[in-house]
Amino acid sequence: MSMTWGNFQAVIQLSAGLNVAILSFVDISLPAIKERRRVFAKARQELEIHRRNPHKRAPEHKESHTEAVNEMDRALFDLWREAANFESIEDSLLRSTGVFGLFGAILSLGLLWYSGYHYDEVIPVLGTVLSLLSFVSLIGAFLINFFTASRASSFAKRCNTLRETMRTKL
């Protein structure tokens, strides 16, 4: 038995709804990105507090403390530079989510419109392929945002580890 556009219309409706919802996929990665930025700002503030530590009064303590602060500053800067290099990639990945959503929404809405006019006709192979392609944009957008969130979370975790080291070493 051949499948008609009418039988398949619910799948196309699902694709259309989900592709319009892709724009909310950015909410997967935004909290992690904001957390990473907050953690880096907090680490910078803590380093400045350690830099001005008034308890180090003896010259030999001041020198070793200054060297330890400078070492932490270099480590924090290296981590920040690595995160900043990823930010440009991150921005383009987040923009591509919108492109995926727009492409998928246009494709699935077009298929939905077409299926309404050809409700009782058999779906050709191209129609099936286009319907499946409309779901690929969902997968792509989800993977992009999941990857971005995991990278941002990784940088935040590494920065928190550096903050812990700062607290114990300084």
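The values are calculated or read from the model by the stated rules, or taken from the named source; none is laboratory data. A quick note: this is a predicted structure, and the numbers were derived from the prediction, not measured. Note that we place each Cβ from the backbone using ideal geometry, even for glycine, and neighbour counts take in every protein chain shown. The protein model used for the area step is the full one, side chains on, heavy atoms only, and it has no ligands, DNA or RNA in it. Shrake-Rupley method; radii C 1.70, N 1.55, O 1.52, S 1.80 Å.
What to note about this one:
- Largest first, the residues 78, 120, 27, 73 sort by 1.4 Å accessible area into 120, 27, 78, 73.
- Expected 222 nm ellipticity per residue - DSSP helices of 4 or more, -39500 (n - 2.57), all of the chain, to 500: -32000 deg cm²/dmol
- Applying a DSSP loop filter and a limit of 16 other Cβ atoms within 10 Å to the GluC sites (Glu not before Pro) in segment 87-128 leaves 121.
- Bridging of residue 62 to lysines at a Cα separation below 20 Å is possible for 169, once same-chain residues fewer than 8 apart are set aside.
- Accessible area (Å², per residue) of the chain, counting only protein heavy atoms and a probe of 1.4 Å: 60 Å²
- Other residues lying with their Cβ under 12 Å from the Cβ of residue 3 contribute a combined charge of -2, Lys and Arg counting +1, Asp and Glu -1.
- Sum of side-chain charges, residue 76 neighbourhood, beta-carbon under 12 Å (Lys, Arg +1; Asp, Glu -1): +1
- Contour minus Cα-Cα distance for residue 55 and residue 73 (0.36 nm per residue): 4.5 nm
- Once the C-beta distance of residue 161 and residue 95 is scaled by a Förster radius of 41 Å, the resulting FRET efficiency is 0.85 to the nearest 0.05.
- Calculated from the structure at hand, Cα Rg over 2.2 N^0.38 Å is found among [x] 1.66; [y] 1.21; [z] 1.07 as [x].
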